[in-house]
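Written out below as structure tokens is the structure these notes cover.
The values are calculated or read from the model by the stated rules, or taken from the named source; none is laboratory data. What you are looking at is a predicted structure, and each value in this text was computed from that prediction instead of being measured. In this analysis, Cβ positions are derived from the backbone assuming ideal geometry, glycine residues included, and neighbour counts consider all displayed protein chains.
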Amino acid sequence: MSDILFRGGRAFLSADAFAEAVLVRDGRIAAVGTESDVARRAAPGHETVDLGGGLLTPGFTDSHVHPVQAGLERAKCDLAEVYGLPEYLERIGAYARANPGHEWIDGGGWDMAAFPGGLPHRSQLDFLDRPVYLIQRDHHAAWVNTRALERAGITRDTPDPADGRIERDADGTPSGVLHEGAMDLVGLLTPRPTARDLTDALLEAQAHLFSQGITGWQDAIVGSYAGSDDQLPTYVAAAASGKLMARVVGALWWDRTRGAEQIPELVERRASAEGLERFRATSVKIMQDGITENFTAAVIEPYCRCGGTGLSYVEPALLNGHVAELDRHGFQVHFHAIGERAVREALDSFTGTDPANRHHIAHLQIIEPSDVPRFAALGVTANLQPLWATHHAQMDELTIPFLGDERSSWQYPFADLQRAGARFCAGSDWPVSNADPVQGMHVAVNRTEPGGSVHADYPTAQTPFLPGQSLDLATALTAYTAGSAWINHDDDAGTIIPGNRADLVVLDRDPFTEPQADIWRTEVAMTFVGGEQVYQR
């Protein structure tokens, strides 16, 4: 592998440090500094990459993402790129016509905010002659038609599962929306992907993530959840064959219907991936609550207008023991926590654990202010999904009215966490939202919708959402690079320093020299993994 000299722009080193040039040799950073000094150290016949005034950054690591599921959805009835009932029905109908032999119409990507009260209805899909199962964009609900309900035997007499809810019409008839654990009542009946389907989905997703500058990630569910299939064999095979080029940590799924008896199984699953260069299964994902929009996020005081305090999927008295045992086995624990009670329960469970395991809590939509300093005190990393911290229909119509003014002001408190000394990593939750880290950085800095998003024209989308919680660009970029690499225990990545792996991204402009409101316009021009180019725009 020949030397590669990056020149003609700037390289991001840290919040207050940039370099003129970077030299890569044998897949690692060999030199960083002025162009004249670095160029003198390049071997004869070296390759030169002209940054064209753009910015060289470390490769992005997505700390919470679902690539295999995303790849599967992109191959099915994908609604993620359109918005609104007419657009959804047009795309669903076109998919059905193009696939007359499919027994089911399945896919996903619909947005709650496109429907009154956040709820579509089975009747809207009853024009199809086949059962339909469409996962909500955030994967916490499914929209089904009457045929699907009949196929599953779901009637007005079917009880809600302990970890979910069947949405119902006024007379008790299932309406066609299944929340959380109720999704499995239909989802498990849909056709299962083959091993080839799962591998193709992973490779499709990898190519897309490379195009976004993402060179590594943490898959936030490696296991079977809500009708999904276990991706562990897919990752192991892809890593063993060399098809997996990104560097990945799998977060093994904690089955919330079981208890500590599953820990030996998790240890065995982790061992099945040992010795692989590009994949490790060293994290465990615990989903502690749901989401605010369907009132399953665990909150302390009842929701306004509708009452209830959401769901804690793992009983807190048991959670503490489970997390302590996982910690003793050297697992990193990766929490999903949306509501302030779930965040508190997760923090409580980390008391006395080993910070060296690098535990983290993802999403963090609502944090009660007294819990903010506990992240730094406990050595727990705040795993941010910044793209959600804006005024859009789901926030303004389906969230704020049910949280109330005070609790709404506790949402996505990035700046408060920073002032309190919390460590950050960052991710997208793709396919729940756009995988592009630059869009997430735009929101972290501006707290407004980036241009081009399906919500960009919403009346308040360009009104900053709690602007006092904004981060500066360097902090946001560091969360997606050094912060997320650290959470994956990739200690020789995430920063551009000699000796580190040459996982690098070339941006088509330098967002530090552009207007803050235009960060979203920045695009990835090239992506390198270990000095090997894996994407070029």
Any chance the range 118-126 includes a residue that's among the acidic types (Asp, Glu) and closer than 17 Å to PRO191 by Cα? no
Given the conditions (1) over 17 Å from LEU384 (Cα atoms); (2) in contact with an Asp or Glu (Cβ under 8 Å, 6 or more places away or on another chain), and given that ALA474 satisfies all but one, which numbered condition is not satisfied? (1)
Within the range 317-347, take every residue that is outside any loop (DSSP other than H, G, I, E, B) and more than 24 Å from ASP429 (Cβ to Cβ) and give me the one that is modelled with the lowest pLDDT. ALA317
So THR527 passes all but one of these: (1) part of a loop (DSSP other than H, G, I, E, B); (2) over 30 Å from GLU397 (Cα atoms). Which condition number does it fail? (1)
Within the range 430-447, residues being free of Cβ contacts under 8 Å to residues at least 60 places away in the same chain and either at positive phi or of a type in the set (S, T, N, Q) (or both) number 2
Could you list, in sequence order, all residues of the range 377-410 that are more than 22 Å from the chain's Cα centre (by Cα) and among the β-branched types (Val, Ile, Thr)? ILE400
Filtering the range 447-474 down to residues that are within 18 Å of SER428 (Cα to Cα) and assigned to a loop (DSSP other than H, G, I, E, B) yields ARG447, THR448, GLU449, PRO450, GLY451, GLY452, SER453, VAL454, HIS455, ALA456, SER470, LEU471
Look through GLY310, GLY404 and report the one residue that is touching a Cys at 6+ places or on another chain (Cβ under 6 Å) and either in contact (Cβ under 8 Å) with a residue 24 or more places away in the chain or polar (S, T, N, Q) (or both). GLY404
For the range 46-65, state whether one or more residues are within 30 Å of the chain's Cα centre (by Cα), more than 30 Å from GLN218 (Cβ to Cβ) and of a type in the set (Phe, Trp, Tyr). no
Name the single residue, out of those in the range 388-412 being assigned to a helix (DSSP H, G or I) and of a type in the set (S, T, N, Q), that is surrounded by the fewest Cβ atoms within 10 Å (Cβ to Cβ). SER408
I'm checking my understanding of the structure. Among residues of the range 495-524 that are among the hydrophobic types (A, V, I, L, M, F, W, C) and in a loop (DSSP other than H, G, I, E, B), which one is nearest to VAL443 (Cα to Cα)? ILE496
Hey, does the range 222-232 have a residue that's surrounded by fewer than 24 Cβ atoms within 10 Å (Cβ to Cβ), more than 19 Å from GLU532 (Cβ to Cβ) and of a type in the set (Val, Ile, Thr)? no
With the structure loaded, tell me whether GLY153 is at pLDDT below 90 and surrounded by fewer than 17 Cβ atoms within 10 Å (Cβ to Cβ) or whether it fails that test. no
Of residues in the range 163-188 being more than 27 Å from VAL65 (Cβ to Cβ) and free of Cβ contacts under 8 Å to residues at least 40 places away in the same chain, the one surrounded by the most Cβ atoms within 10 Å (Cβ to Cβ): ILE166
When you scan the range 270-285, do you find a residue that is closer than 12 Å to ARG341 by Cα, among the charged types (D, E, K, R) and touching a residue at least 60 places away in the same chain (Cβ under 8 Å), even just one? no
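Please pick out the residue among ALA94, ALA114 that is surrounded by fewer than 14 Cβ atoms within 10 Å (Cβ to Cβ), under 29 Å from the mean Cα position of the chain (by Cα) and on the phi < 0 side of the Ramachandran plot.
When all the criteria are applied, what remains is ALA94.
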Tally time: how many residues in the range 126-137 are crowded, with 22+ Cβ neighbours inside 10 Å, in a loop (DSSP other than H, G, I, E, B) and not basic (Lys, Arg)? 1
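Residues are listed down the side, and each one gets a yes or a no for (1) surrounded by 21 or more Cβ atoms within 10 Å (Cβ to Cβ); (2) in contact (Cβ under 8 Å) with a residue 60 or more places away in the chain; (3) among the small types (Gly, Ala, Ser):
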position	(1), (2), (3)
SER428	yes, yes, yes
PRO467	no, no, no
ALA485	yes, yes, yes
HIS489	no, yes, no
ILE497	no, yes, no
Considering every residue within the range 333-348, establish whether at least one is over 25 Å from LEU417 (Cα atoms) and of a type outside the set (A, V, I, L, M, F, W, C). no
LEU477: passes all of (1) closer than 25 Å to ALA337 by Cβ; (2) in a loop (DSSP other than H, G, I, E, B); (3) touching a residue at least 60 places away in the same chain (Cβ under 8 Å) but (2)
Exactly one of (1) out of contact with any His (no Cβ under 9 Å at 6 or more places or on another chain); (2) among the aliphatic types (A, V, I, L, M); (3) closer than 22 Å to ALA298 by Cβ is unmet by VAL186. Its number? (3)
Given the options GLY452, GLY440, name the one that is small (Gly, Ala, Ser) and closer than 21 Å to PRO67 by Cβ. GLY440
Looking across the range 50-81 at residues that are assigned to a loop (DSSP other than H, G, I, E, B) and of a type in the set (A, V, I, L, M), the single one that is modelled with the highest pLDDT is LEU51
How many residues, within the range 348-370, are part of a helix (DSSP H, G or I) and surrounded by fewer than 19 Cβ atoms within 10 Å (Cβ to Cβ)? 5
Can you report the number of residues in the range 82-98 which are part of a loop (DSSP other than H, G, I, E, B) and under 23 Å from THR199 (Cα atoms)? 0
Just checking, how many residues over the range 285-307 are touching a Phe, Trp or Tyr at 6+ places or on another chain (Cβ under 7 Å) and farther than 20 Å from MET112 by Cα? 4
Consider LEU276 carefully, then state whether it is outside the structural domain of PRO161 (by TED's automatic domain parsing), closer than 29 Å to SER211 by Cα, over 21 Å from the mean Cα position of the chain (by Cα) and surrounded by fewer than 20 Cβ atoms within 10 Å (Cβ to Cβ). yes
